[in-house]
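Undergrad: This is the structure I want to talk about, given as structure tokens.
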Amino acid sequence: STIHSNKSAFLLGVKQGFGAPAWVLVAGMIGFGAMCRSTGIDIWIATAITTTFFALPGQIVFVESMSMGAVAIATAITVMFTATRFLTMTLTIFPQMDRRSLVKSNFLAVHVLSMSSWAACMKEFVHIPPEYRYAYFIGMGLSCWGVSIPSTIFGYLIAGSVPLPVTYGLLFINPLFFLLTFVDV
């Protein structure tokens, strides 16, 4: 393995994160930003949703529910159900990391977990020594999360110039990528 330190694992995660996983998220978040604008949500709220939720299906459900005037508890329960996939992803990814590299900040680190970063980590972990997998995961996750925020803003700003079918098509690139990567993993 060419990974011999946490730094090299982190940098590899960042580098690979800015590949296909990030581009898939860019497409989805552009669609999300455009969707937010079309439903009348403020750009700051759209950005805050991406920053804090970072779960595209949950974000879509949240925005759709808000735009329809749904009851808050119903929205919360629905968004919670869309997030159940994270339990499975967390239960499969963290045990593959060396316990000594896991820290109390895992509660914050899990925030950068996405379908894209999970699938990439599951594929690459076999090539990375367990003690460096956490650093790789953080690099991968931060790069994916980092591109999502400006992509949401960009999507919001170009919303009027993108046909609605293209906007919704962008939203489905992420699940399609996940499905294809999952089959490969």
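Undergrad: What does the net charge come to around Ile49 if you take all other residues with beta carbon closer than 13 Å to its beta carbon, with K and R at +1 and D and E at -1?
TA: On the way: positive: Arg37; negative: Asp42, Glu64.
Around Ile49, the surrounding residues sum to -1.
Undergrad: For the range 1-140, what is the charge dipole size about the Cα centre, in debye to the nearest 20, if Lys and Arg each add +1 at the Cβ and Asp and Glu each add -1 at the Cβ?
TA: Numbers: 9 positive and 5 negative charges, 69 e Å.
Dipole about the Cα centre, nearest 20: 340 debye.
Undergrad: I would also like to ask the following. Which distance in Å, rounded to a whole number, links the C-alpha centroids of the range 121-159 and the range 60-86?
TA: One Cα centre to the other: 24 Å.
Undergrad: Need the full-extension length gain, Trp44 to Arg100, defined as separation in residues times 0.36 nm minus the C-alpha distance. One decimal, nm. Let's see the in-between values first.
TA: Details: separation 56, 0.36 × 56 = 20.16 nm, distance 3.88 nm.
Once the chain is fully extended between Trp44 and Arg100, it gains 16.3 nm.
Undergrad: Then there's this: When the accessible area of the range 1-58 is split by element with a 1.4 Å probe, what percent falls to carbon and sulfur? Don't skip to the end; give the middle numbers.
TA: Numbers: 1830 of 2650 Å².
Within the range 1-58, the accessible surface is 69 percent carbon and sulfur.
Undergrad: Right, next: Heavy-atom accessible area per residue, the range 71-157, 1.4 Å probe: how many Å²?
TA: Ligands and nucleic acids excluded, the figure is 50 Å² per residue.
Undergrad: Which net charge results for the neighbourhood of Pro130, defined as the other residues with beta-carbon distances under 13 angstrom from its beta-carbon, given Lys and Arg at +1 and Asp and Glu at -1?
TA: Working: positive: Arg99, Arg100, Arg133; negative: Asp98, Glu124, Glu131.
With Lys, Arg at +1 and Asp, Glu at -1, the net is 0.
Undergrad: While we're here: At R0 = 25 Å, how high is the FRET efficiency between Val110 and Leu157 if r is their beta carbon distance? Nearest 0.05 is fine.
TA: Values: r = 30 Å, r/R0 = 1.21.
After rounding to 0.05, the efficiency reads 0.25.
Undergrad: For the range 26-89, what class follows from the C-alpha gyration tensor (a ≥ b ≥ c being the square roots of its eigenvalues): rounded when a/c is under 1.5, otherwise prolate if a/b is larger than b/c, else oblate?
TA: Numbers: a/c = 2.11, a/b = 1.19, b/c = 1.78.
In terms of gyration-tensor shape, oblate.
The values are calculated or read from the model by the stated rules, or taken from the named source; none is laboratory data. Computed from a prediction, not measured in an experiment: that's the story for all the values here. Every residue, glycine among them, receives a Cβ derived from its backbone with ideal geometry; neighbour counts consider all protein chains shown. Side chains are part of the model used for accessible areas, which takes the heavy atoms of the whole protein and leaves out ligands, DNA and RNA. Shrake-Rupley method; radii C 1.70, N 1.55, O 1.52, S 1.80 Å.
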